[in-house]
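> Once you've had a glance at the structure underneath, I'll fire off some questions.
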Amino acid sequence: MYRVTQGSNAQRAAVHDWLAGLDALPPETADRVVTAWVTSWTSSEWAELGEIPFSAKAPGYPLAKHVNEVTRAGQALIPRAEADWGVALDPAIILPILILHDVDKPLLAARDAEGKVVKSSLAGRMPHGVIGAMLLRELGFDQRVVETVATHATDAPFHNDSAEAHVLHYADLFAADHALRAQGLVPFYRR
Ligand SMILES: [Fe+2]
Ligand SMILES: [Fe+2]
């Protein structure tokens, strides 16, 4: 499924240079975030981070762009949620949730013999979100990060009842609908 690894210095630098939001995390947490992405990437069949697709349905949109769009949308929503809902969102929890929500996606897409992006065989055996949650649990992330990532997918049986899950959902759908529209596909908000 995946093999936890620190990766090479070059692989860690590639992930570090790509991910938005790392600078707002304590260095030790940022390091584990990088390890999570390096593990998923190097356990996948994608040689370059930039070729990993958002999904088999929207293969022309890079996952790398989607992830940063979600992080930045979430960072814009956090102060609004805090002011309007009267909640406090711990950056040590909400930021890893945003940055890592799709950490298992490199493992869920593959190329077939013709080079077409298809679902990987793992995608037919394990749900999106659950694989990422297992990896994050293994890397020692907080239970709130683990359970929110495990249940965040639009087709998950339920979404957890927390302000963090609420913020992730709308940041994710805001960005996912942009990816779908950019590919000429029907966004969730028009279904
Ligand atoms: Fe997702
Ligand atoms: Fe997402």
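Nothing in this text is a laboratory measurement; each read-out follows from the coordinates by a stated rule. Just so we're clear, the structure is a prediction, and the values are computed from it rather than from any experiment. Positions of Cβ are backbone-derived with ideal geometry, glycine not excepted, and every protein chain shown enters the neighbour counts.
> Select from the stretch 142-181 those chymotrypsin sites (Phe, Trp or Tyr not before Pro) which occupy a DSSP coil region and have at most 16 other Cβ atoms within 10 Å, ordered by residue number.
Taking the stretch 142-181 and a limit of 16 other Cβ atoms within 10 Å, the loop chymotrypsin sites (Phe, Trp or Tyr not before Pro) found are Phe158.
> Separate question: For Ala109, which sequence-distant residues (separation of 5 or more, or a different chain) have an amide H within less than 5 Å of its own amide H, given hydrogens modelled in the peptide plane?
Amide H neighbours of Ala109: Ser120.
> If I take every Cα pair under 8 Å that is 6 or more residues apart in the chain, average their sequence separation and divide by the length, what percent do I get for the relative contact order?
22 percent
> Let me ask something else. Rank by packing, highest mean first: peptides 130-137, 99-106, 13-20, 175-182, with packing defined as the count of other Cβ atoms within 10 Å averaged across residues.
With the highest mean Cβ count within 10 Å placed first, the list reads 99-106, 130-137, 175-182, 13-20.
> At what distance in nm do the modelled label points of Asp17 and Lys65 sit from each other, each positioned 7 Å from its Cα along Cα→Cβ?
Here the modelled spin labels are 1.9 nm apart.
> Name the lysines eligible as straight-distance cross-link partners of Lys119: C-alpha to C-alpha under 16 Å, and not fewer than 8 places from it in the same chain.
Excluding near neighbours in sequence, the set is Lys57, Lys105.
> How would Ser40, Ser55, Ser120, Ser8 line up from fewest to most surrounding beta-carbon atoms within 10 angstrom?
Ranking Ser40, Ser55, Ser120, Ser8 by Cβ neighbours within 10 Å, fewest first, gives Ser8, Ser120, Ser55, Ser40.
> I've got another one for you. Using DSSP to call loops (not H, G, I, E or B), can you name the GluC sites (Glu not before Pro) in the stretch 64-155 whose Cβ has at most 16 other Cβ atoms within 10 angstrom?
Taking the stretch 64-155 and a limit of 16 other Cβ atoms within 10 Å, the loop GluC sites (Glu not before Pro) found are Glu114.
> If you don't mind, there's one more thing I want to ask. 222 nm [θ] for the chain, helices only, -39500 (n - 2.57) per DSSP H run of 4+, per residue, to 500? Numbers along the way, then the final one.
Details: 7 runs with 97 residues, N = 191.
Rounded to the nearest 500, the figure is -16500 deg cm²/dmol.
> Just want the answer: with Cβ charges of +1 for Lys and Arg and -1 for Asp and Glu, which residue in Val118, Ser8, Ala64 is farthest toward the dipole's positive end in the chain?
My answer, from the dipole projection, is Val118.
> What shape does the chain have by the C-alpha gyration tensor, where a ≥ b ≥ c are the square roots of the eigenvalues, rounded means a/c under 1.5, and otherwise prolate means a/b greater than b/c and oblate the rest?
oblate
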